[in-house]
Each structure stands twice: as C-alpha cells, then as structure tokens.
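Read through the structure below, which is laid out as structure tokens, and then see the notes.
The values are calculated or read from the model by the stated rules, or taken from the named source; none is laboratory data. Computed from a predicted structure; not experimentally measured. Cβ atoms come from the backbone with ideal geometry, glycine included; neighbour counts cover every protein chain shown. Just the protein is used for accessible areas: all its heavy atoms, side chains included, with ligands, DNA and RNA removed. Shrake-Rupley method; radii C 1.70, N 1.55, O 1.52, S 1.80 Å.
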Amino acid sequence: MNQENKGKTEYFAEAVDVCVVGAGHAGCEAALAVARLGLSCVIFTMNVESIAMMPCNPHIGGSSKGHLVREIDALGGEMGKNIDKTFIQSKMLNTSKGPAVHSLRTQADKAEYSKEMRKVLEAQENLTIRQAEVTEVLTETDEAGKPAIRGVRIHTGMVYPCRAVILCTGTYLNARCLVGESITETGPGGMQRSTFLKDSLDKLGVATRRFKTGTPARMDGRTLDYSKMKIQEGDKVVIPFSYSTDPATVQIEQVPCFLTYTNEETHAVIRANLDRSPIYAGIIEGTGPRYCPSIEDKVVKFAEKTRHQVFIEPEGRNTNEVYIDGMSSSMPDDVQQRMYRTVPGLENCKIVKNAYAIEYDCISANDLKLTLEMRAINGLFCAGQFNGSSGYEEAAAQGLIAGINAAMQIKGEEPLVIERSEGYIGVLIDDLVTKDNREPYRMMTSRAEYRLLLRQDNADLRLRKYGYRVGLITKEEYDYVCYKEAEIEKEIKRLKGIKVGASPKVQEALKALGSSPLGTAATLAELLCRPELSYDKMELIDTERPALDKAIREQVEIQIKYEGYIERQKKQVAEFEKLEHKKIPEGIDYDDVTSLRLEARQKLKDAMPTSIGQASRLSGVTPADIAVLLVYLEKTTVEKR
Ligand SMILES: Cc1cc2nc3c(=O)[nH]c(=O)nc-3n(C[C@H](O)[C@H](O)[C@H](O)COP(=O)(O)OP(=O)(O)OC[C@H]3O[C@@H](n4cnc5c(N)ncnc54)[C@H](O)[C@@H]3O)c2cc1C
C-alpha cells in the first residue's frame, strides 16, 4: 500500500506489533520475548550473519555477569540455554570465597553461538528476521498530544507499521574503527555500520553521545608456543547456566585456555609509541570503559606494575583463531606486531585480526523509564550497548526486559520492573536509568548492595514468579520452583528440629569427617554451620534424611550456613523497600515543592523518578531534599483526602 508523506511515496510492509532494531544480544532476547508472548515481531539486522555475534571476548558469564545470565534464564530468556549448547569450556569462579561471588564463566564457540541463536530465532513463531538498515523511527501525535511510535522505515524506503519499537543498535550507530592512524567507517569486525538512524533520532529530539570500547588482536593459534604458558582448564563437572538444561548434556570434552604475561619489553614498546595511539593522540572522541582498559591504559595508569595477565582464549572448536584477553588496543599495526611478540609464547605469533578501538553513538539511559521506555516517546524502548552499557550479558538482560515491557504495554498488562533488592538486572537497569554514567557501564558484584541475597544459585527462587506472571515461564517450571521453595523450608525446619547428642556413633562420624567431637548436644543445623561440614557430608550422621534434589540440598546448606548474614541483609532490604515503595505521583510538579533546593528540583524534573527510593539515588539530590519531598507528598496526600 502506498501513501504520500511530505512528498515521499511511502510503501508499507504488513503491520506488526513490535519492530526490534538490532539482532545482537539485546535484540535477540527482546524479539524472542515479544514473539513468545504471542505478539508479531520483526527483528532487523544489518547482516543476518551477525546475529548474536560476539565482537569482543569469547566468554559468557564471569563475576556478576554469570548472575545476569542465570537471572535472564530464570525469567525465560535465551542466553543461558544458548551458551549451554555452544560452550567449549566452563568454570565456576571464586569457589574459595562465599556463595555471593560464586559465578559461572564459560568460553563460547563464537560461530556456533551465533548459528544456534539464529536457529532459535528462525524457529520462533510470530517472529520474522529482516536484513535491512532501519533508517528512520516514525512517530505520530497521540491523544495526549505526545509523540508515539507508528513504525520504522528501512533503507529501501519500505515502512513497517508497528505499535512499539525496541532500539538495540549496539556499537553500530555512526561507528568508526581505529587502528593507529587507520580509521574505517565500519561497525565491529568490518560489518557495515548504521548511518541514517542518528539523523532520525536527532529530529525526534533523542539525545545521543559518543562512547568507545576496544578489543585485542586475534592470532593464529598454530603460531603460539603454549609450552611457555600456564594451562587453564575447565571444571571436571560442568554446571549448566540454564535451569532447563539437563546437566548430563554439558559434560563435554573442553578446550583449555592459557595464561601468560606482558613484561617490561612489552611496556617499553607501548611507551615508545604512545604518540601514535589514537587514545593518547586525542583522535578518539568517545569515552571508554574504565573497567576494560586497553593495554596502553594499563601501562600508563599502572606504571608501577611490571607485568599484566594475558589469557589466550580459543574462539571456537573449528578455528585456529585465538583471542588475546587483556591486551585490547588501538595501536598502529606495526606496533601491534612488535608489542604482542614480546609476550612469552607469542614470539612468532601471526595476527589474523588487528586489535582496534570502536567509537559509536548511544543514548543516556537517564532519558528512559525503569521499563526501558523512552520517557518522551510512547512505545519507543531501548536496550543494550545503545543504552550506554557494555557486555553481552548486560545487553541481553536489558533486551529481555525491554521486550517484556513492550509486550506488556501492547497487551495493557502491568510492566515488569525488577528491584535492586531482587536481582542484578534490577541493579543494572536502576543504575543505568537513575545514575549519571559517563562511561560504558559494566556490571560488577560491588554495585549490588544486597549481593548475599542476589546469588547466582538462587536466581530461580527470586525471579521465576515474574517470568511466570508475564507469560514466559510455563506452569510446570513455576510449580517446580514453588515445590523447591517448600522443600527447602521443610528441610531447614527439620535440621533445626533434630538434636543429636555426643554418642559414640556421632563422635566417630565427626572424627571421620575431620570435625571436632561434640561437647553438648547440637541440632543438625548447628552442626552444618561448621565450615568443614557440608550437607552431603553430614549424611554419615543424619541417616534418616529425605532424598532431595542437588539444587535443594545446595540451598539448604547455603541458607543455614549464612543465615545470620542473610537475615541481616533481609532487614536492610525491608528498610530499602520502605522508600522504594513510596511512590511519587507521575504528574508531580516539582516547581510546586517550593522548599526544594534549585539543583534538586532540576534533577528531579529531569529524571522524574517513580519512587522516593529512586529519587534518593539521583546524584545531586540530598537526604534533606528527600525529607522535603516526603513532607510535601504527605501534605498533598492529606489535602486530597
Ligand atoms: C570492538 C568491541 C570491543 C568490545 N569490548 C568489550 C569489552 O571489553 N567488554 C564488554 O563487556 N563488552 C565489550 N564489547 C561490547 C559487546 O560486544 C557488546 O556489549 C554487545 O555486543 C552489545 O550487544 P547489543 O545487542 O547491545 O549490540 P550488538 O551486539 O552490537 O548488536 C547490534 C545489532 O544492531 C544491528 N543494527 C545496528 N544498527 C541498525 C540499524 N540501523 N538497522 C538494523 N540493524 C541495526 C546490528 O546489525 C547488530 O545486529 C565490545 C564490542 C566491540 C564491538
């Protein structure tokens, strides 16, 4: 169907509910969520060969990122399942520390990961994949006089009418890649960049900014000497990411990584050529992530360090390409050749792909609601690197939430907002939307106040109910979590209720378990608190126990051993939720709160927080301002009565 628009002939594709712009880690989760919730969806990508492409490190998970993957899976997302089918090495990190920081990290076969995700998209009902560049976001004025989504236009001129758009353009928007003085106007890995959308966003008044990130070189693994490195093996028994993966299917032959180090010679090559680094020559405009520094940054900022870790990570089973983790750079090619060859084991290395830095346009998520919808444009949702975050897992988590909320809005159902006390996804989105992030935001356990409650081992107990509420989790999956919760509670009660005395049988068992003899009678729960004892080991003493799933036994042990800390954190959460559940009316006029300081009033007007809790996290809003606001809300509520 054709229609005039400002003299341009518009021709239309079939209308759909949601258009997802981008098939990276955010776009894939968003589109699958929308389609699985029964709505029609088109997912656009510049190149279908780049679906769920991993342009940077070949790993999924790791500290705090593993928590995100588990939470995505608990809510009904795809990343956990996809990596369980395509990993080549798996390791539970930080097992010598407490469970709050245990985190699964897997090495992915990048090509297989992308292929598998494409298969899932292609098999998904209600979902259409379209290779095309989206050049324009189209809006109309809704009844309330506010801009609202009506569709997108692609480079061919075709218009796709829809009711919501989810922008997940990643590192492609106006991207340029830098290797020393060589600058190419492409997206990651030489992919075509996305050019026209920026102008459309400008016209819609969507502010953008320039960020950058970088990646190391890929080497031909046959040219490395692994005898000079330390092998890094995966776990003997692999634990899957997804709750729906049968653990038996992930006990596969794994591929090792290797550890080596830079040295003073490496650092000397870099120092001698800093003037040719686009970062230090001031050619790069974008702001980079402090927590993923380039090797140049490490040498300059940590000059006292004589060496930096370098992990050699295979990119897949069917390629010789290896990823040089820890040495991302944008140094000129000749410098890269010299600097990498100073590293033990890389003396004869051959570069397959240069290290490079990439600059791209993205938004500030301060312009979004906690649902990831743009405050100024109804139906426009944003997710992933486009929101100013960095990382596959962070992108996937946002994509899932944006997809769910676009669907909830179209269905007229309640949106999903995960709170900081419920999940790392809540911390991620609240930090992006509420805090003033001036560089790519990367998740870390230290960002989560309640990390002892937000463990990777209990993501299902925390979030399955929400996945079920929105419709992504089946009744059967939900029922299992309810059963699991009840069994955990029952077993903890049983262990607290059974007292054992210092009988010879008990003393013998304790001796066999390397634990000190009992002085006086103790409950099984008290015994379990002994660091050297575990739930499974105590079978010697607790012989009448019920047969329970491994996952239930794991929870019983953690909840008993860390009970004190967990209870204390639960009290903190109760305090936190008092302010978090103190909602601020949507249409509040902060100019009416006359006793508010000017700076605070401006910050509140810009951010329009939904709760006192969120308001208290805005930079520039003090506890005194919050007190003024609370009095004002109390007064206006009384007057309304
Ligand atoms: C060089 C480099 C280095 C990186 N280094 C790190 C790092 O050190 N640590 C880290 O955590 N993360 C790093 N990342 C980031 C990581 O890759 C991203 O976080 C992740 O890929 C983001 O996922 P996404 O879905 O938001 O976007 P992407 O994976 O970038 O996907 C974007 C998608 O949007 C599509 N697209 C874009 N514009 C349009 C358009 N107009 N029309 C149609 N389709 C469009 C593209 O085709 C693509 O499918 C790096 C990325 C790059 C490129």
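For this structure, a couple of remarks:
- Using a probe of 1.4 Å, the accessible surface attributed to residue 472 totals some 30 Å² when neighbouring protein chains are kept in position.
- Label sites at residue 479 and residue 550, each approximated as a point 7 angstrom past Cα along Cα to Cβ, lie 2.5 nm apart.
- The chain - percent relative contact order, Cα under 8 Å, separation 6 or more: 16
- Hydrophobic long helices, here whole DSSP H runs in the chain with Kyte-Doolittle means of at least 0.0 and Cα atoms spread over 27 Å or more along the helix axis, are found at 392-411.
- Relative contact order, percent, segment 582-640 [alpha-carbon distance under 8 Å, six or more residues apart]: 37
- Relative contact order [Cα under 8 Å, 6+ residues apart], segment 145-235, whole percent: 14
- Dipole magnitude (debye, nearest 20) for segment 582-640, charges at Cβ of Lys, Arg, Asp, Glu: 200
- Sulfur and carbon atoms: percent of accessible area, segment 218-292 [1.4 Å]: 54
- What the Cβ-Cβ distance of residue 411 and residue 508 gives, at R0 = 35 Å and to the nearest 0.05, is a FRET efficiency of 0.05.
- Heavy-atom accessible area ranking, 1.4 Å probe, most first, across 275, 325: 275, 325
- Checking the Cα-Cα distances for 493/561; 511/537; 369/583; 81/570; 490/561 against a 19 Å cut-off, the pairs over it are 81/570.
- Taking the protein heavy atoms of segment 491-566 in the context of the full set of protein chains, the accessible area attributed to carbon and sulfur is 57 percent at 1.4 Å.
- Cβ-Cβ FRET estimate between residue 274 and residue 195, R0 fixed at 35 Å, reported to 0.05: 0.65
- With all protein chains modelled, accessible area of residue 455 [1.4 Å, Å²]: 10
- 19 Å Cα-Cα reach of residue 298 towards lysines, excluding residues that sit fewer than 8 places from it in its own chain: 212
- With helices as the sole contributors, the chain gives -10500 deg cm²/dmol at 222 nm; each DSSP H run of n ≥ 4 counts as -39500 (n - 2.57), and the sum is divided by every residue.
- Net dipole in debye of the chain [+1 Lys, Arg Cβ; -1 Asp, Glu Cβ; about Cα centre; nearest 20]: 1060
- The loop-placed GluC sites (Glu not before Pro) in segment 289-396, going by DSSP, that have at most 11 neighbouring Cβ atoms within 10 Å of their Cβ come out as 304.
- Segment residue 307-residue 225, extension gain: residue separation times 0.36 nm, minus the distance between their alpha carbons: 27.6 nm
- Label point at residue 244 placed 7 Å out along Cα→Cβ; residues across segment 103-133 whose backbone nitrogen lies under 19 Å: 113-128
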